[in-house]
Amino acid sequence: MKRETLSLYFIMGSNNTSEDPLIVLEQAIMGGVTCFQYREKGSGALTGIEKEKLGRELMSVCRKYQVPFIVNDDVDLAIKLKADGVHTGQDDQPLEEVKKMIPSSMITGVSAKTLDEAREAEKQGADYIGVGPMFATKTKEDAEAPVGPSTIQQLRRQKITLPIVGIGGIEVGNAQQVIDAGADGISLISAISQAKDPEQAARLLRESISF
Ligand SMILES: Cc1ncsc1CCOP(=O)(O)O
Ligand SMILES: C=C1C=NC(C)=NC1=N
C-alpha cells in the first residue's frame, strides 16, 4: 500500500452523521479523501444485514472513485464484501490470526500507541498503524486520554518506519502538527462527517497539510 494513500483517511459509520452517509462519503471523496474506513460502532450503530447493506453501498462509492475501502474490526464483513482492507484494534484478534483468514492482497491496519504495540504490528506484517487519540475527541465513546503528536515523534525516534496515521480530534487547526511529528497522513471522523459541506471540509483539510 502506497504511503500517500494514508494522506487523508476518512472514517465514518451511519451514527457519525445526521445526513445520508453515502452522500457524505461521495462529497468527501470529491474533496480529496484518499482512503475510507467503514466503522459502524458505538451507540446507534447498525448491525447484521443492515450493517452489511450500508457497507456494500459505501464500498461501491469508493470503487467508483478508486478509493480504498477498509472495514473496521469486523473481519468477516471485510471478507464477505471483498473489502480492500481491514483495521483492527489491540483488543481484537491478533493480526497473525486475521492474516490467516483474509486474502494476502488485503490492506491490514492496526491501532497502536506504544512502542511495543508498534513493533508487534511491524512484526506481524501490518501495512500501517493508527496512533491516537492525538487530541481530545467526542467521537469515540471510550477514548483514552490524548497521547498527542509527540507519541508519533517517539515512535519515529525509535526507528518505527511503518506507515503511520494519527487519529483523534484532528481538524484544520492541528493537522500539520501530526504530519510534522512524522505521520504519513491524518485520519478523522467528525471534521468531515459533521461538516456542513463535507467536500469543502475535506478540501481544506487536504490543503492544511504539507509533507
Ligand atoms: C476511532 C478513534 N480512535 C481514537 S480517537 C477515534 C475517534 C476519532 O474521531 P474524530 O476524528 O471525530 O475525533
Ligand atoms: C481506532 C482506529 C485507529 N486508527 C485508524 C486508522 N482507525 C481506527 N479505527
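Residues considered: G166, G132, G182, G173. Of these, the only one that is more than 26 Å from V75 (Cα to Cα) and within 16 Å of ligand 2 (Cβ to nearest atom) is G182. In region 30-75, which residue that is among the basic types (K, R) and part of a loop (DSSP other than H, G, I, E, B) is nearest to ligand 2 (Cβ to nearest atom)? This residue is R39. Just to verify a result, which residue in region 32-53, among those that are surrounded by 14 or more Cβ atoms within 10 Å (Cβ to Cβ) and over 23 Å from V165 (Cβ atoms), is farthest from ligand 1 (Cβ to nearest atom)? Going through the qualifying residues, I end up with E52.
Scanning region 166-196 for residues that are without any contact (Cβ under 8 Å) to a residue 12 or more places away in the chain and of a type in the set (A, V, I, L, M) yields one hit, A195. Say whether the condition of being in contact (Cβ under 8 Å) with a residue 40 or more places away in the chain, within 15 Å of ligand 2 (Cβ to nearest atom) and of a type in the set (S, T, N, Q) is met by at least one residue in region 197-207. For region 197-207, residues in contact (Cβ under 8 Å) with a residue 40 or more places away in the chain, within 15 Å of ligand 2 (Cβ to nearest atom) and of a type in the set (S, T, N, Q): absent. So which residues in region 175-205 are within 16 Å of ligand 1 (Cβ to nearest atom), open to solvent by 10 Å² or more (accessible area, probe 1.4 Å) and either at positive phi or part of a strand (DSSP E or B) (or both), if there are any at all? If the condition is that a residue be within 16 Å of ligand 1 (Cβ to nearest atom), open to solvent by 10 Å² or more (accessible area, probe 1.4 Å) and either at positive phi or part of a strand (DSSP E or B) (or both), then no residue fits.
The values are calculated or read from the model by the stated rules, or taken from the named source; none is laboratory data. Values in this document were obtained by computation on a predicted structure and should not be read as measured data. Please note: Cβ atoms are built from the backbone with ideal geometry, for glycine as well, and neighbour counts cover all protein chains shown. These area figures cover heavy atoms from the full protein model, side chains too; ligands, DNA and RNA do not enter into them. Shrake-Rupley method; radii C 1.70, N 1.55, O 1.52, S 1.80 Å.
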